[in-house]
1. Subtracting the Cα-Cα distance from 0.36 nm times the residue separation, let me have the gained length for Asn208 to Thr189 in nm, one decimal.
2. Rg(Cα) of region 128-235 divided by 2.2 N^0.38 Å?
3. Rounded to the nearest 0.05, what FRET efficiency is calculated for Ile229 and Val117 with R0 set to 35 Å and r the Cβ-Cβ distance?
4. Using a Förster distance of 30 angstrom, determine the FRET efficiency expected from the C-beta separation of Asp84 and Leu33, and round it to 0.05.
5. Is there a pair in Lys92/Lys197; Lys100/Lys172; Lys92/Lys114 whose C-alpha atoms are over 19 Å apart, and which pairs would that be?
6. Less than 14 Å Cβ to Cβ from Glu87, Lys/Arg counted +1 and Asp/Glu -1: what total charge do the surrounding residues give?
7. Once Rh is set to the Kirkwood radius over Cα pairs, what Stokes-Einstein translational diffusion coefficient, in µm²/s, holds for region 122-182 at a temperature of 10 °C and a viscosity of 1.306 mPa s?
8. Determine, from the Cβ-Cβ distance of Val151 and Asp48 and an R0 of 35 Å, the FRET efficiency 1/(1 + (r/R0)^6), rounded to the nearest 0.05.
Amino acid sequence: MKKILAESFKRPITKEQSKDTGMAIELATKAILDVPVARVGRPWHDLDYVGVKAPHFSFTRLQGADLTLGVEMASTGEVGCLGDDFEEAFLKALISVGFKFPIRTVLLSTGTLKDKVAFSEGAKLFESLGIGFFATQGTAEFLNQYGIKSVVVHWPLENRSPNAGELIEQRKIDPVINIPKNYQETELTNDYYIRRKAVDFGIPLLTNIQLANRLAESLSRKQGVDLGIKELQAY
């Protein structure tokens with residue numbers, strides 16, 4: 001059966017791609033039933049829609065666990081969403097794992113200088129959408145160099161207001177973008193408190209700068225209210 005399927009495709013197809021196209025399931029069924037299978041004429045990747053899969057982790061059940069992900073960690077669930085383009089599928093996937101739109105305020109702590117620079121265009125896109133920023137000291141100073149305004153917030157361990165932890169508890173933040181900077185104890189502890197509070201209070205959290213940029217790009221091209229709703233068979 002594997003040989004039949006391999007010969008049917010011009011190049012290998014992954015599990016995720018087979019879910020998006022449905023072709024592998026059809027071909028596998030025919031192969032099991034010993035029904036002749038012809039080569040797929042239209043390339044399987046030439047689709048009129050896009051599929052995006054978002055992982056879901058049960059951090060709310062793991063009290064005290066840090067939310068940074070390692071290569072060995074596996075999600076406890078995944079949500080696959082389809083859309084007419086990447087932005088639509090991507091935003092649908094985020095909604096499915098807890099993101100809420102529209103976004104009004106973002107808490108930023110963007111880590112190293114390299115990460116700050118990498119997020120500069122994303123920050124400009126967020127600002128162009130009327131999204132406000134709360135930012136830790138270093139991030140706020142960097143944003144100011146690009147003419148991007150933000151409200152400076154103190155680290156959780158500083159016990160001064162406005163404080164990142166307080167803002168999360170008061171749910172004045174929509175998503176939190178927190179990129180770890182270094183492995184100093186104080187830095188790790190402050191970042192940990194921010195990430196942990198975000199999940200404990202049900203605030204969406206991003207710890208990957210590329211993902212944060214894709215969110216900014218997607219929102220700039222397609223507002224949440226523009227997401228189409230179709231039945232699965234429509235794709």
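No lab work stands behind these numbers, since they all come straight from the coordinates. Please read these numbers as outputs of a predicted model, since none were measured by experiment. Here Cβ is always computed from backbone atoms with ideal geometry, including for glycine, and neighbour counts include all displayed protein chains.
1. Values: separation 19, 0.36 × 19 = 6.84 nm, distance 1.83 nm.
Contour length minus Cα-Cα distance gives 5.0 nm.
2. Computed over Cα atoms of region 128-235, the ratio equals 1.24.
3. So the FRET efficiency works out to roughly 0.40.
4. Working: r = 34 Å, r/R0 = 1.13.
The value I calculate is 0.30.
5. Working: Lys92/Lys197 25 Å; Lys100/Lys172 13 Å; Lys92/Lys114 29 Å.
Exceeds cut-off: Lys92/Lys197; Lys92/Lys114.
6. Working: positive: Lys92, Arg214, Arg221, Lys222; negative: Asp84, Asp85, Glu88, Glu217, Asp226.
Residues close to Glu87 contribute a combined charge of -1.
7. Working: Rh = 12.3 Å.
Result for D is 130 µm²/s.
8. Approximately 0.20, to the nearest 0.05.
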